[in-house]
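Asker: Take a look at this one; I'll ask things after.
The values are calculated or read from the model by the stated rules, or taken from the named source; none is laboratory data. Keep in mind it's a predicted model, so treat the numbers as computed, not measured. In this analysis, Cβ positions are derived from the backbone assuming ideal geometry, glycine residues included, and neighbour counts consider all displayed protein chains.
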Amino acid sequence: MAPLMPVAEALRRVLADAAPLPTETVSINDALGRVLAGDVAALRTQPPDAVSAMDGYAVRAADVATAPVALKIIGEVAAGHPFAGSVGAGEAARIFTGGVMPAGADTVVIQELTARDGDTVTVQKPAALARNVRAKGIDFTQGDVLLRQGRRLTDRDVMLAAAMNHPALTVHRRPRVAVLGTGDELVLPGATPKPGEIVYSNGFALLALARNEGAEAADFGIARDSVEDIAAAVRRARDWGADILVTSGGASVGDHDLVQKALAAEGLDLSFWRVALRPGRPMMHGRLGAMQVLGVPGNPVSSYVCAFLFLAPLIRRLAGRSDVEPVPQTARLGRDLPANDERADYLRATLADGPDGPVATPVPVQDSSLMAALARADCLLIRDPDAPAAPAGSPCVILKLAL
């Protein structure tokens, strides 16, 4: 039997032929979570003129260098209603937040530091030059590139793009992910399992992960343990236009593990099967024409860890993101760990603050069927193949799980 494939090589193969999907233009209202297909430059300067940051009086700083001083009010400036005149020596204009600074004025005295009597205002304390004034272009200038290609847009990015005067943005098409469970033993949540049956959970995590990464994900249900049933579901996914088909369970080579056989019958070009990974050794990857196929194990924790390590980066690459692979971080071990074997180990661990930074403590039992432990985990703690024993307090490498 061929040796197990290292995790890094398996990920390289998964991403090797994955290119960003074609582009489309979407309304700014529909841009949240989408990935920019090009840099976005400001179409305007913000603010386009110097404006007041407070309610008060626009004055000349030279007139209020000492106080108290009485000034003549010559007009009023509200947001959206500039003052056509000019503020001269000994004069002031009533101004409100967002109002354009009138010609001649170079500072704003807040109204709390003034007293008004008819057309005269008394400034009670000195004010410095440009006080309470937002300078023209203090936020950004027309032509500034503020959002870069490959960025997945946040709510703050959408606000910025709108302020830059973009009613629509060019983004990559969302990857389409089909999720298929397999196994005669599976029943849907809400059912009463018969002896030997278990409640299907993997697919719901895979769908949620894919959607959280910005994909359009569809549930293709549960295929029974027959080559014909699995192959029919695979054809439905291909007809739907899936960019990625994720199968859960049945990827091994036991008498009842029929996913590989069904996929081979449909023309799968197998890239690899069996990875030097715990949990998740019997993971599979290949292509059916334009559709990438990931076969993750049936054990729920194995299925999730494989999706986190391989499906999420694949979705990101197809979506055009610049941040594709999860970023390792450092921590300290919360307990002693024994030497590792030939497989990379991704231990479910919790995080706590320590005197030297975060402390990662693996959950006591690492069985790949324990979903409660996975839900409690904050990160995956990576143990390299053949890593020596490590005492508590040693540095370690983690991948944070999404909140």
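Asker: Identify, from the list A217, A231, the residue that is touching a helix residue (DSSP H, G or I) at 6+ places or on another chain (Cβ under 6 Å) and either of a type in the set (S, T, Y) or part of a helix (DSSP H, G or I) (or both).
Answerer: None of the other options fit; the residue is A231.
Asker: Another one. Is there a residue in the stretch 163-186 that is closer than 30 Å to P48 by Cβ, in a strand (DSSP E or B) and touching a Lys or Arg at 6+ places or on another chain (Cβ under 9 Å)?
Answerer: There is at least one residue in the stretch 163-186 that is closer than 30 Å to P48 by Cβ, in a strand (DSSP E or B) and touching a Lys or Arg at 6+ places or on another chain (Cβ under 9 Å).
Asker: Quick check: is even one residue across the stretch 66-82 acidic (D, E) and either buried (at least 17 other Cβ atoms within 10 Å of the Cβ) or in contact (Cβ under 8 Å) with a residue 60 or more places away in the chain (or both)?
Answerer: no
Asker: Right, here's the next one. Out of all the residues in the stretch 371-403, which are among the small types (G, A, S) and not in a loop (DSSP other than H, G, I, E, B)?
Answerer: A372, A373, A375, A390
Asker: Here's something else I'd like to know. Identify the residue in the stretch 11-31 that is part of a helix (DSSP H, G or I) and touching a helix residue (DSSP H, G or I) at 6+ places or on another chain (Cβ under 7 Å) and, among all such residues, is farthest from H285 (Cα to Cα).
Answerer: Out of the qualifying residues, it is I28.
Asker: Here are V35, V64, V14: which of them is among the β-branched types (V, I, T) and assigned by TED's automatic domain parsing to the domain that holds R94?
Answerer: Answer to the selection: V64.
Asker: Could you tell me whether any residue of the stretch 58-78 is under 41 Å from the mean Cα position of the chain (by Cα) and either farther than 30 Å from G289 by Cβ or modelled with pLDDT of 95 or more (or both)?
Answerer: Looking for residues that are under 41 Å from the mean Cα position of the chain (by Cα) and either farther than 30 Å from G289 by Cβ or modelled with pLDDT of 95 or more (or both), one finds at least one in the stretch 58-78, hence yes.
Asker: Taking the stated definitions as given, is D157 surrounded by fewer than 18 Cβ atoms within 10 Å (Cβ to Cβ) and either among the hydroxyl-bearing types (S, T, Y) or more than 30 Å from L245 (Cα to Cα) (or both)?
Answerer: no
Asker: Filter the stretch 360-403 down to residues that are among the polar types (S, T, N, Q) and at pLDDT 95 or above and give me whichever is surrounded by the most Cβ atoms within 10 Å (Cβ to Cβ).
Answerer: T361
Asker: Moving on to the next point. List the residue pairs whose Cβ atoms are under 6 Å apart, where the first residue sits in the stretch 371-400 and is among the hydroxyl-bearing types (S, T, Y), the second is in a strand (DSSP E or B) and crowded, with 18+ Cβ neighbours inside 10 Å, and the two are 6 or more positions apart or on different chains.
Answerer: From residues that are among the hydroxyl-bearing types (S, T, Y), the pairs are S394/L333.
Asker: May I ask you to list pairs of residues, at least six apart or on different chains, whose Cβ atoms are under 6 Å apart, with the first in the stretch 119-147 being closer than 22 Å to V100 by Cα and the second being at pLDDT below 95 and hydroxyl-bearing (S, T, Y)?
Answerer: Cβ pairs passing all conditions: none.
Asker: Out of (1) surrounded by fewer than 21 Cβ atoms within 10 Å (Cβ to Cβ); (2) free of Cβ contacts under 8 Å to residues at least 60 places away in the same chain, the odd one out for C306 is which?
Answerer: With (1) surrounded by fewer than 21 Cβ atoms within 10 Å (Cβ to Cβ); (2) free of Cβ contacts under 8 Å to residues at least 60 places away in the same chain applied to C306, the lone miss is (1).
Asker: Go through (1) within 30 Å of R173 (Cβ to Cβ); (2) among the basic types (K, R); (3) outside the structural domain of L32 (by TED's automatic domain parsing) one by one and return the number of the condition R152 breaks.
Answerer: Failing condition for R152: (3).
Asker: Go through (1) modelled with pLDDT under 95; (2) closer than 21 Å to R34 by Cβ; (3) among the charged types (D, E, K, R) for D157 and report which single condition fails.
Answerer: The number of the failed condition is (1).
Asker: Which residue, of A84, A127, A62, is part of a loop (DSSP other than H, G, I, E, B), out of contact with any strand residue (DSSP E or B) (no Cβ under 6 Å at 6 or more places or on another chain) and either within 26 Å of M159 (Cβ to Cβ) or not aromatic (F, W, Y) (or both)?
Answerer: Matching residue, one of A84, A127, A62: A84.
Asker: Moving to a separate point now. Among all residue pairs at least 6 apart or on different chains, which show Cβ distances below 8 Å where the first residue, located in the stretch 201-230, is assigned by TED's automatic domain parsing to the domain that holds G250 and under 22 Å from G267 (Cα atoms) and the second is of a type in the set (D, E) and part of a helix (DSSP H, G or I)?
Answerer: A223/D229
Asker: Is it fair to say G203 is in contact with a Gly (Cβ under 7 Å, 6 or more places away or on another chain) and assigned to a helix (DSSP H, G or I)?
Answerer: Spelling it out, G203 is indeed in contact with a Gly (Cβ under 7 Å, 6 or more places away or on another chain) and assigned to a helix (DSSP H, G or I).
Asker: Here's a follow-up. Quick one: which of A242, A264, A232, A223 is at pLDDT 95 or above, more than 19 Å from L186 (Cβ to Cβ) and hydrophobic (A, V, I, L, M, F, W, C)?
Answerer: A242
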